[in-house]
Each structure stands twice: as C-alpha cells, then as structure tokens.
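Asks: Before we start, here is the structure in question, set down as structure tokens.
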Amino acid sequence: MDGTPEGEKTMTITEEIRDILARGTIKENLYILPEQLDRKTYEQVNKVLEALGGKWNRKLKGHSFAKPMDEVFAALITEGEVEVPADFDFHETSPDLAAQVIAQAEIKSGMLILEPSAGNGALARPARYAVGGSGNRNLICIDIMRQMVEDLWRQEFYARCEDFLSMKPEFWAPMDRIVMNPPFSKNADVKHVAHALSFLKPKGLLVSIMSAAIEFRNNAGYPALRDLIRNCGGSIEPLPEGAFKHAGTKVRTVLVTIPGS
C-alpha cells in the first residue's frame, strides 16, 4: 500500500476552507467542525473530509476516520493540498441496501467473491458472512483510496489498493459473484460494471447498484450495457427514492443483476 495509487490528483484547499478546518477539533479519529456552516461552505468542507477518508457520524456529531488524523490535518492546513482519486465518488451503502444486494447475489459458502469498489466494507461485511470465513481470500476487496484499504485490512479483509479500471482480468481467477456500488460521476458506473463483467465466471452473477441513468441514457456505453442486460436475461430494478439520502445525495438508483455468459 506504499506509493500513490494510479488515478490520484491534487485537490487544492482554499484559504477559507483551510481556516475552517484549522478551527475544528480533532479527537484522535474524530474531527468536529468549529461551527454550523452554510450549505455551500459545508459541501466544500465535507468534500475535503471525505477525500481524507472521513465519514459523517451523526451520533458523535463529527467525521470519523479509520486512524488518528492529527498529523494529516496539520500537513493539510499547512500545505493546502490533499491527494484524491480523479474519480473519487464515495457514497456509503446503507445496511438495508447492502443486505438486499447480497441477497440478490445468492452467495453460497466457498464461492469466490469480488467487491471492486469496497469503500469501508458496507457490502463486503455481509458478503463475508454469506460466503463464510473471516480473513480468507474467498472475498477480494479493491479500492483506490489508501485510507479505505487500510480500514479494510483492520477489519481483516483481503484488500488491495488499486484502480479497478486498470486491473486485467487475465491475472485473476474468474469470480463466482461480483457485488458492487461503483462511483457514478462522469458515467463511471457503466464503465465499472462493463469492466467487472470481464472478471465474472460463466454462470456467475454480478449485482450492482447503478445510477438510474442506465434506464434511459443513450450515450457513453449505456445502450450497449442495456442490450447486454436484456439479452442475457438480467434485470434492472428501481430502488426506493432517497436510497442514499443518508450519504448526502438524492441521486436515483437501481439494482442491476447480470448473469455471466
């Protein structure tokens, strides 16, 4: 996990946001904002905190991290920059939705499972329970964010810090199941799902959360993927409105199921 993952870029932090971050309170793994912010400013601050691997914790009223952040924040405030993946777009899957994905995947003990955008393990945790075992390699987690991968290792997952779109399927055993909640921005979800299918075993099953754009867009690979889903007997099921409200987005989503051919 040393070095910089392919696909990272530098996010420059404005003086205003640096000043806000400097006035906040750091309690080991928890960062608490100094005051209530207007919506636009909060979104800018939240983007930085999420890029660092932070996750809003309503109970603790702050952003929680996988490790103490004192030195990281000190460097950020001094240098005014943070490294983030070019397609960073993390929205955590809720426990209820994660359970629905895993149930749809019909995972059985001993199967080889891939989670290509594992984040902090929201899908990986129920998948591990379904496949059996704890630290074994039947479940492979991939994420481009170093902080996420470090957190996954602490949870005893087998995890790799890589840009999934740069991974070559010929170097991996075909997967029985692939479960995923890929990034959505700039049509990233259709790219991730299309690439993931090359890792899937014949008669395997891929289950992915996607933007509802897969139902109607006619550019950027959407028509080809829709045709593939239809021709192989897959499905596109609408998810409830506000499925990711807890993660700060109102994007409409669907659950896509694609059998391996």
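Asks: Within the stretch 159-261, which GluC sites (Glu not before Pro) sit in a loop by DSSP and count at most 11 neighbouring Cβ atoms inside 10 Å?
Replies: Details: sites: Glu162, Glu170, Glu215, Glu241; in loops: Glu162, Glu241.
Listed in order of number, the matching sites are Glu241.
Asks: Once every DSSP H run of n ≥ 4 in the chain is given -39500 (n - 2.57) and the sum is divided by its residues, what mean residue ellipticity at 222 nm do you get, rounded to the nearest 500 deg cm²/dmol?
Replies: On the way: 8 runs with 79 residues, N = 261.
The helix contribution divided over the chain gives -9000 deg cm²/dmol.
Asks: Can you list the residues, at least 5 places off or on another chain, whose amide H is less than 5 Å from the amide H of Leu200, using H built in the peptide plane?
Replies: Met175
Asks: Also, I was wondering about something else. Taking the Cα centre of each part, how many Å lie between the stretch 148-190 and the stretch 31-70?
Replies: 25 Å
Asks: What does the charge add up to near Glu28, with Lys and Arg as +1, Asp and Glu as -1, over the other residues with Cβ less than 14 Å from its Cβ?
Replies: Local net charge: 0.
Asks: Still on this model: Taking the Cβ of Leu60 as the centre, find all other residues whose Cβ is under 14 Å away and add up their charges (Lys, Arg: +1; Asp, Glu: -1).
Replies: +4
Asks: Under 25 °C and 0.890 mPa s, how fast does the chain diffuse according to Stokes-Einstein, given a Kirkwood radius computed over C-alpha pairs? Answer in µm²/s, whole number.
Replies: D = 128 µm²/s.
Asks: For the chain, what is the accessible area per residue in Å² when the probe is 1.4 Å?
Replies: Values: 13190 Å² over 261 residues.
Accessible area per residue, the chain: 51 Å².
Asks: Additional query: If you restrict to DSSP beta bridges whose two residues both lie in the chain, what percentage is antiparallel, to the nearest 5?
Replies: 65 percent
The values are calculated or read from the model by the stated rules, or taken from the named source; none is laboratory data. If you're wondering where the values come from, they're calculated on a predicted model, not measured in any experiment. Reconstructed Cβ throughout: ideal geometry from the backbone, glycine too, with neighbour counts over all protein chains shown. These accessible areas exclude ligands, DNA and RNA; they are computed on the full protein's heavy atoms, side chains included. Shrake-Rupley method; radii C 1.70, N 1.55, O 1.52, S 1.80 Å.
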